[in-house]
Amino acid sequence: MAPKTYINGKLYDKADAKISVYDHGLLYGDGVFEGLRVYGGKVFRLREHVERLYDSARSIALEIPLTPKQMAEAVEATVKANAKQEGYIRLVVTRGAGSLGLDPRKTSDPQVIIIVDDIVMYPQELYENGMEIVTAATIRNHPNALNPRIKSLNYLNNIMAKVEGVRAGCHEALMLNHKGEVAECTGDNIFLVKHGVLKTPPPDAGILEGVTRNAVMELAQAAGIPVQEPALTRHDVYTADECFLTGTAAEVIPIVKVDGRPIGTGKPEPITRQLREAFHQLTRR
Ligand code: PXG
């Protein structure tokens with residue numbers, strides 16, 4: 001079935017799902033978004049994603065013309081209209097069409113877009129054997145410039161780091177924050193394991209607080225694995241026993257090499273494998 005896209009309350013065929021070239025989402029990256037997953041016909045952690053979307057919108061002073069409840073219902077109705085059992089949802093709210101000037105007062109009608117489609121993941125082999133990443137020279141945005149906790153349509157910061165990763169022959173790149181601490185990857189959060197303790201940078205390290213990150217932290221706690229959110233350096237990464245990334249698209253993927261240094265034994269290790277399995281159970285049950 002051809003995908004049906006929701007725009008402002010109506011469903012359109014893919015070829016007809018269009019918005020104005022005067023939209024400030026296109027002209028300035030002025031808007032917010034979410035990426036969600038559908039497992040077995042059910043949207044994973046819909047409430048958390050909607051809450052983060054509204055927090056992002058509030059932070060950029062964008063008023064969404066739906067209540068969070070209406071937004072959640074619109075997402076579910078669009079998934080249903082697409083008869084989607086397994087897939088990816090891109091939820092976008094732009095500032096709307098305006099003049100060719102920055103002033104948000106010149107815009108009207110924020111556009112609410114819900115795309116339901118398939119997901120592109122890393123090659124399956126990397127989930128089994130682990131992935132290699134490099135540190136990008138491009139740092140995460142300074143929180144006082146554009147706070148990384150906002151999932152805005154302005155993803156150039158991450159794309160520049162992704163370009164560096166790809167040029168180095170990797171699928172992902174590690175980004176540091178303005179203090180030189182480990183932040184996250186371009187579209188995934190990072191976790192380390194050291195002496196049986198799970199560690200991930202805190203939200204104030206300048207990261208997006210991932211829905212998958214929070215789910216994995218809960219799973220670890222439930223399994224009796226201690227969880228900490230300390231400031232981390234690249235030294236902590238290089239000397240970790242295990243490393244993995246989390247994200248809606250990536251789910252849980254082992255990292256076995258960072259900047260040419262093998263992590264642990266250079267093969268996916270037990271806690272990573274355990275949490276990957278636990279996440280699989282959580283989403284596929
Ligand atoms: N950090 C950043 C910077 C992200 O953009 C995550 C972490 C993981 O968060 P979640 O809530 O997904 O666990 C993200 C989100 C894609 C795509 O299509 C993925 C993200 C962002 C944009 C595009 O692969 N990941």
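Each value in this text was obtained by applying a stated rule to the coordinates, not by laboratory testing. Worth saying up front: this structure is predicted, and the values here are computed from it rather than measured. Virtual Cβ from ideal backbone geometry, glycine too; neighbours counted across all protein chains shown.
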Would you mind counting up the charge near Val252? Only other residues with Cβ under 15 Å from its Cβ, with Lys and Arg at +1 and Asp and Glu at -1. -3
Distance between the C-alpha centers of the stretch 1-68 and the stretch 265-280? Whole Å please. 33 Å
In the chain the DSSP beta bridges are antiparallel at a rate, in percent to nearest 5, of 85 percent
Enumerate the calculated ³J(HN,Hα) couplings along the stretch 108-114 in order (Karplus 6.51 cos²θ - 1.76 cosθ + 1.60, θ = phi - 60°), each rounded to whole Hz, writing x wherever the residue is Gly or Pro. 9, 6, x, 9, 9, 10, 10
Quick one: compute the contact order of the chain, relative version, from alpha carbon pairs under 8 angstrom and 6+ residues apart, as a percent. 17 percent
The distance between the Cα centres of the stretch 134-192 and the stretch 218-240, in whole Å, is 19 Å
May I ask you to sort Glu269, Glu277 by Cβ crowding, counting other Cβ atoms within 10 Å and putting the fewest first? Glu277, Glu269
Find how much the distance from Tyr238 to His142 grows on full extension, using 0.36 nm per residue of separation minus their present alpha carbon separation; answer in nm with one decimal. 32.1 nm
How much space per residue, in cubic angstrom, does the convex hull of the C-alpha atoms of the chain take up? 132 Å³
With a/c under 1.5 counting as rounded, go ahead and sort the stretch 49-167 into rounded, prolate or oblate using the C-alpha gyration tensor (a ≥ b ≥ c being the square roots of the eigenvalues; past the cut-off, prolate if a/b is larger than b/c, else oblate). oblate
Show that you can apply the helix-only estimate: for the chain, add -39,500 (n - 2.57) for every DSSP H stretch of four or more residues, divide by all residues, and state [θ] at 222 nm to the nearest 500. -8500 deg cm²/dmol
Using the Cα centre as the reference, give the magnitude of the dipole from point charges on the C-beta atoms of the chain (Lys, Arg: +1; Asp, Glu: -1; all else neutral), rounded to the nearest 20 debye. 340 debye
Counting each pair of different Cα atoms once, what's the Kirkwood radius of the stretch 144-285 in Å, rounded to one decimal? 15.3 Å
In a shell of Cβ-Cβ distance under 15 Å around Thr107, excluding Thr107 itself, what net charge do Lys and Arg (+1) and Asp and Glu (-1) give? -2
What order do you get for Thr107, Thr265 when you list them from fewest to most C-beta neighbours inside 10 Å? Thr265, Thr107
Around Lys69, with a cut-off of 12 angstrom between Cβ atoms, what is the net charge of the other residues, counting Lys and Arg +1 and Asp and Glu -1? -2
